[in-house]
Amino acid sequence: MLLICADTVPQNKLSYLAFRLAAFETFKLIEFAQQTGQEFREPFGYLTEVPFLREVVPQVQLSLLATTWSKLMSPHDEHATLLDESVLYAVCETAARMMEQIPELFPSFTETGPVKFLNQPDKQLVRDLRTLHLELSNEGDFLLISQFQDLDPDEAVNYKKQFRMSEDYLEPMFEVLGRWQFCPDIQQKFSGLFNDEELVELMPILRLATTGVRQLGP
């Protein structure tokens, strides 16, 4: 179970839907880039919903999503990090946006998964997806820290103190910006979000994305 402050993130169909839609969209965008041989001029992936993390490469975005998902589905209490809070916010916002803008994709993203949905998306589902994260008692620090980048270093330190953000608390958010590899047990962490047949198709997309990054590097 994933704990945010005093709240437990629900292990229900709504959480499943938010994580699955956000993951699927990010996978499909990576695949499109690979097939067309074109690079996106702007960052893409569900985590662009969090300004500070919009430059995180897509394969790492999916790694973070899988890690947070595995915590959510764990039988044990797992206290959320600021990264987990960022992921939850981003998947809910991404899924809600998809249902608003491209509801016709809903069946293709949900019909083959471990959980079945019989009804088509509607405005209530969009509201429920956003409510999933809005009802939690986090303080939204992950949306505030992008402002640090525009501040003088001394001013940034004062700002962190004002909002009681320690370096240890913020460090994972900075560290992930330079990460290029997805976690080695990502396939196991996706358990319950994708079935085995889907993972056979999706994992090569991640591996190719990481190989492409290595080739572009120094």
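Here, each number is a calculation from the coordinates, and none is a lab measurement. Note that the structure is predicted; figures quoted are calculated from it, not measured. Backbone-built Cβ (ideal geometry, glycine too); neighbour counts: all protein chains shown.
Tabulated data for the structure shown
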{"read-out": "Order by protection proxy (mean Cβ within 10 Å, highest first), peptides 49-57, 91-99, 21-29", "value": "91-99, 21-29, 49-57"}
{"read-out": "Listed peptides 70-80, 167-177, 125-135 by packing density, highest first (mean Cβ within 10 Å)", "value": "125-135, 70-80, 167-177"}
{"read-out": "Distance violations [Cα-Cα > 20 Å] among K123/K189; K28/K123; K13/K71", "value": "K123/K189; K28/K123"}
{"read-out": "Two-decimal Rg to Rh for the range 2-216 - Kirkwood Rh, Cα set", "value": "0.96"}
{"read-out": "Pairwise FRET efficiency - D122 versus K28, Cβ, R0 = 22 Å, nearest 0.05", "value": "0.45"}
